[in-house]
Amino acid sequence: MARKKIVAGNWKMNKTSIEAKQLVSELIPLVEGADVDVVVCTPFTALCTAAEALAGTPIAVGAQNLHFEEKGAFTGEISADMLLALGVKYVIIGHSERRQYFAETDETVNKKIKTALAKGLVPIVCCGESLEQRELGVTSELVRSQIKIAFSGVTAEQMRGIVIAYEPIWAIGTGKTATAEQANEVCAVIRSVIGELYGAAVADVIRIQYGGSMNAANAAELMAQPDIDGGLIGGASLKAEDFSKIVRYKG
Ligand code: PGA
């Protein structure tokens, strides 16, 4: 079946709220009429202005993290309700930078996914191997285990709306893109694990993005792969024109 592609920008720690307003204003006309779902995942501090500027447009707003607890004494953290109150629809969970620098684990990723789902946010769940793991030949096992732990306790019905982003760590921000075949191979592994856990019908509808140095020049080839349903875009999402070219990858 045809899955609608989804292209999400992960701005990381870039753009003030004023800069965000400028960027999304430029983006709106450039992606008008695109036949893919478009999301911008801004820093927390820009969510409000981005959501206001994008209200009534097809571009959705996402956050880059959330806390799994509902509320309370968690200094510096942001809850699902806080995001929802701003009009946020998506949330990136388990990005490799959060795993590397902020001690996120498959277990905290699992808790965050469950909270996001319970609250009605759509998780964009990241997984992927390091260069060392790829060279050791453990990519498939690693990604399989990341997926199994991340989604433990998540129901088949909840799974249907989830987005997964396969992001080889060695390709993030390095300019080294996985080849289309390498990317598709791992996306297919992810889809097959979902099939084992939830059945073929769920595996067939779930959307799996590739992320890691995706840009206007390589997007079409990556998106043409049978198991790649979109992209999670870092660097190339910071300029409206670059990002819109990925959204309009068909030319
Ligand atoms: P990149 O980042 O496109 O800059 O490689 C992707 C990501 O980290 O989501």
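For this structure, a couple of remarks:
- The relative contact order of the chain, computed from alpha carbon pairs under 8 Å that lie at least 6 residues apart in sequence, is 21 percent.
- In summary, the lysines within cross-link reach of residue 71, defined as a Cα separation below 20 angstrom excluding same-chain residues under 8 places away, comprise 89, 111, 112, 114, 119.
- In this structure, the amide hydrogen of residue 104, modeled 1.01 Å from its nitrogen in the peptide plane, lies closer than 5 angstrom to those of 99, counting only residues at least 5 positions away or on a different chain.
- Percentage relative contact order, segment 104-199, counting C-alpha pairs under 8 Å, at least six apart: 35
- Kirkwood Rh (inverse of mean 1/r, distinct Cα pairs), segment 1-119, angstrom: 15.1
- Computed from the alpha carbon positions, the gyration tensor of segment 162-251 leads to an equivalent ellipsoid with semi-axes of 24, 13, 11 Å, biggest first.
- One compactness figure for segment 1-47 is 1.29, namely its Cα radius of gyration divided by 2.2 N^0.38 Å.
- Tail fraction, Cα-Cα pairs, the chain, threshold 33 Å, whole percent: 11
- Neighbour cut-off at most 16 other Cβ (10 Å), DSSP loop, trypsin sites (Lys or Arg not before Pro), segment 176-235: 176
- Loop chymotrypsin sites (Phe, Trp or Tyr not before Pro), segment 1-93 (other Cβ atoms within 10 Å of the site Cβ: 14 or fewer; DSSP): 74
- Cut-off under 5 Å, modelled amide H: who pairs with residue 37 long-range: 5, 6, 7
- For segment 61-180, the Stokes-Einstein estimate of translational diffusion at 20 °C and a viscosity of 1.002 mPa s comes to 143 µm²/s, using the Kirkwood hydrodynamic radius over alpha-carbon pairs.
- Using alpha carbons only: equivalent-ellipsoid semi-axes of segment 83-129, gyration tensor based, whole Å: 20, 11, 9
- Using a cutoff of 8 angstrom between alpha carbon atoms and counting only pairs six or more residues apart, the relative contact order for segment 11-120 works out to 24 percent.
Bear in mind that the values in this text are calculations on the coordinates, not laboratory data. Computed from a predicted model, the values in this text were never measured in an experiment. Positions of Cβ are backbone-derived with ideal geometry, glycine not excepted, and every protein chain shown enters the neighbour counts.
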